[in-house]
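J.: Just dropping this structure here.
What follows is calculated from the coordinates using simple rules that are stated; it is not laboratory data. Predicted, not measured: the structure shown is a model, and the values here were computed from it. Don't worry about glycine lacking a Cβ; one is built from the backbone with ideal geometry, like all the others, and counts go over all protein chains shown.
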Amino acid sequence: MTRSPRTIAAANGIGRDAAFGAVAPPLHLASSYTFAGFERPRTYDYSRAGNPTRDLLADTLAQLEGGAGAVVVATGMAAVDLVLSRLGPQDGVVAPHDCYGGTHRLIAARAAKGQFKAAFVDQGDAAALEAALAARPKLVLVETPSNPLMRVVDIAAVAAAAKAAGADVAVDNTFLSPALQQPLALGADFVVHSTTKYLNGHSDVVGGAVIAARSEDAAALAAWANITGVTGAPFDAYQTLRGLRTLFPRIERQQQSAAAVASFLARHPQVAAVHYPGLPSHAGHALAKAQQRGFGAMLSFEIAGGTPAVRRFVEAVRVFTLAESLGGIESLVAHPATMTHVGMGAEARRIAGITDALLRLSIGLEDERDLVEDLAQALGQAEEAGDR
């Protein structure tokens, strides 16, 4: 029987406790496990190498993404690093020029140590991507929609071009989750998640995961995660799985509110630009509609009035909270240039198009009318600040 992703998220592992018949999967906190006897190890021996709770989360994520296996690690950055660990000093990675600031910082730092070669490329520019692939990289890292400018990349087209050049493709699917996008079905070899975000959805745990299309790749990544000790903690996996149960209803409600917020911002005179693929005016709208099952709940916009207006706006919001991260039940506002992407440096931000006037919104589960009203009053105060 083929189960829908909704059913997998809600019910994978439910009612399978062989010890006591618990409906909810139990939390296994043990760090070590007994051997049945001399040279007779059981399924689990040490929790860094394998843990029932973490393995259930990995299995659920692999099923949701349509992969052969998954590895659950301590953070989203550890997940990106795990994929990068496949590269050697003579190998190259082609990364987005406008990727998440932490990803940009990690790749630049690893490349500076000579662990691989890196090229940051506008993957929406076919000529630029073709030139980068001519160098025969081993990996192409895709982030779509991009953080924070919400640019959409054609996963199938990039995957086809990358494979022709002998490269694997890894897609960061954090912004949409498998509820709205399945990169492996479009030709990707790996999917990366910060499980901290939509998968957990409650802003109370940090984690990451890599899902592989091929079982041998999943096994190799799991072995390396054990060697380096980056596997996730059992309690974190338990919390993430608990949050994952409500992924579909959460993200559906959140993207409904995001559409209303984006529409409001697009009409506001204090807003210079809105970046949300759900808007027909967005350059990637048609592509997003084709390769996604929804437009998600992340958006960004540029406010008129420069830094003084930004400062007044973030100080004026009452329903939104000024904080990093995203994908939780609460609505957040972030200023990428001084928060999430500050580590990129000013020149890299300029090349990516991340201006000092850009604000990123993560839409939560509050009433959309309250969200719009909060933005309206904060924009009003920002405009007053600009008039002074």
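J.: With the condition being touching a residue at least 12 places away in the same chain (Cβ under 8 Å) and within 20 Å of Ala218 (Cβ to Cβ), I'd like the strands (runs of 3 or more DSSP E) fully within the stretch 10-124 carrying at least 2 qualifying residues.
T.: Hits in the stretch 10-124: 69-73.
J.: Pull up the stretch 218-231, narrow it to residues that are in contact (Cβ under 8 Å) with a residue 12 or more places away in the chain and among the β-branched types (Val, Ile, Thr), then point me to the one that is surrounded by the most Cβ atoms within 10 Å (Cβ to Cβ).
T.: Thr231
J.: Any idea how many residues of the stretch 182-197 are among the hydroxyl-bearing types (Ser, Thr, Tyr) and assigned to a loop (DSSP other than H, G, I, E, B)?
T.: Residues meeting the conditions: 2.
J.: Can you tell me which residue within the stretch 127-144, out of those that are of a type in the set (D, E, K, R) and farther than 18 Å from Ser194 by Cβ, is surrounded by the most Cβ atoms within 10 Å (Cβ to Cβ)?
T.: Lys138
J.: Continuing with the same structure: Can you pull out the residues in the stretch 81-104 that are surrounded by fewer than 18 Cβ atoms within 10 Å (Cβ to Cβ) and among the charged types (D, E, K, R)?
T.: Across the stretch 81-104, the qualifying residue is only Asp91.
J.: Now a separate question. Kindly establish whether Asp172 is in contact (Cβ under 8 Å) with a residue 12 or more places away in the chain, in contact with a Cys (Cβ under 8 Å, 6 or more places away or on another chain) and not aromatic (Phe, Trp, Tyr).
T.: When the stated conditions are applied, Asp172 passes them.
J.: Could you list all residues from the stretch 232-281 that are over 22 Å from the mean Cα position of the chain (by Cα) and buried (at least 22 other Cβ atoms within 10 Å of the Cβ)?
T.: Across the stretch 232-281, the qualifying residue is only Leu265.
J.: Only one residue in Glu330, Glu366 is in contact with a strand residue (DSSP E or B) (Cβ under 8 Å, 6 or more places away or on another chain), farther than 14 Å from Leu265 by Cβ and among the charged types (D, E, K, R), so which one is that?
T.: None of the others qualify; the one that does is Glu330.
J.: I'm trying to understand the selection: among the residues of the stretch 145-164, which are more than 17 Å from the chain's Cα centre (by Cα) and buried (at least 22 other Cβ atoms within 10 Å of the Cβ)?
T.: Result: Val158, Ala159, Ala162.
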